[in-house]
């Protein structure tokens, strides 16, 4: 995780909270999923539509034409609505080459791009395996705003479980995301923020930036507002999984594991196991 190490050393400073980006909005699905809608008031792209009905309702309410569907990985809560949306709208589907998907017109690997001139959306593909073997992210710009759609790899103050990859793969994938510009807005796919923060506060109880963000996010949820997007800057300051070289995080992981942890991957693996069992 050397790439972002200088940025990660900015501990306990208070990064700016992130305001919603006009033109990108969450469509709630299931109990805690967000399907991201990117629109210009006429046409739209959606990311990871696990359900079709809420997307169709928004398209109808806002009189939008769906032109494309972007997929980050194969889990049903991210792809379950794809076939129906394609049948009803004719939208084209773009998704990871290394995953079995219900529908996919264009398969993607790292270095590929997705561009929509009408939306001023210009995205590049990143391979970020770990949560699933072929998981990808979309990073680029919406207008002039740097944006990241990262599925279930990076969450606000957390990360996805390692289901199909290895801790080393997941740590490398997170390092890749950590190296993105700090003002990049992070659009992950679940409203897990408060539960992640409760754990993160147990890891770094002295992290004042995390404490302030936790207070802010708690108020957002009290008002039934999304806690997303996050930003790379916030994650570097507050997310233990991106801070596996910080002495406070290393010590906390070592104390929890009750064994010596000699590499950042071992620290990451201990943190992930800790989070898996945290109540």
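Just the residues that are more than 23 Å from residue 128 (Cβ to Cβ), surrounded by 16 or more Cβ atoms within 10 Å (Cβ to Cβ) and out of contact with any strand residue (DSSP E or B) (no Cβ under 8 Å at 6 or more places or on another chain), please, taken from segment 78-114.
Within segment 78-114, just 84 meets the criteria.
Taking residue 238, is it more than 18 Å from the chain's Cα centre (by Cα) and more than 23 Å from residue 113 (Cα to Cα)?
no
Yes or no: residue 165 within 30 Å of residue 141 (Cβ to Cβ) and either out of contact with any strand residue (DSSP E or B) (no Cβ under 7 Å at 6 or more places or on another chain) or without any contact (Cβ under 8 Å) to a residue 60 or more places away in the chain (or both)?
Here the answer is yes, as residue 165 does meet what is asked.
Being buried (at least 23 other Cβ atoms within 10 Å of the Cβ), at positive phi and at pLDDT 95 or above narrows it down to one of 200, 171, 189, 157, so name that one.
Just one listed residue meets the conditions, 157.
When residue 228 is evaluated against the numbered criteria (1) over 25 Å from residue 149 (Cβ atoms); (2) touching a residue at least 24 places away in the same chain (Cβ under 8 Å); (3) part of a loop (DSSP other than H, G, I, E, B), which criterion, by number, is the only one it fails?
Here residue 228 meets the rest and fails (1).
Please specify each residue of segment 231-264 satisfying the condition of being part of a helix (DSSP H, G or I), over 30 Å from residue 47 (Cα atoms) and in contact with a helix residue (DSSP H, G or I) (Cβ under 6 Å, 6 or more places away or on another chain).
249, 250, 252, 253, 256, 257
Going through segment 203-230 one residue at a time, which ones are buried (at least 22 other Cβ atoms within 10 Å of the Cβ), more than 10 Å from residue 157 (Cβ to Cβ) and in contact with a strand residue (DSSP E or B) (Cβ under 6 Å, 6 or more places away or on another chain)?
Across segment 203-230, the qualifying residue is only 229.
Kindly indicate which of 103, 86 is in a loop (DSSP other than H, G, I, E, B) and more than 23 Å from residue 154 (Cβ to Cβ).
The conditions single out 103.
So residue 132 ticks every box in (1) more than 21 Å from residue 229 (Cβ to Cβ); (2) buried (at least 23 other Cβ atoms within 10 Å of the Cβ); (3) in contact with a helix residue (DSSP H, G or I) (Cβ under 8 Å, 6 or more places away or on another chain) but one. Which box is left unticked?
(3)
The values are calculated or read from the model by the stated rules, or taken from the named source; none is laboratory data. The structure displayed is predicted, hence computed values, not measured ones. When we count neighbours, we look across all protein chains shown, and the Cβ atoms used for this are built from the backbone with ideal geometry, even at glycine.
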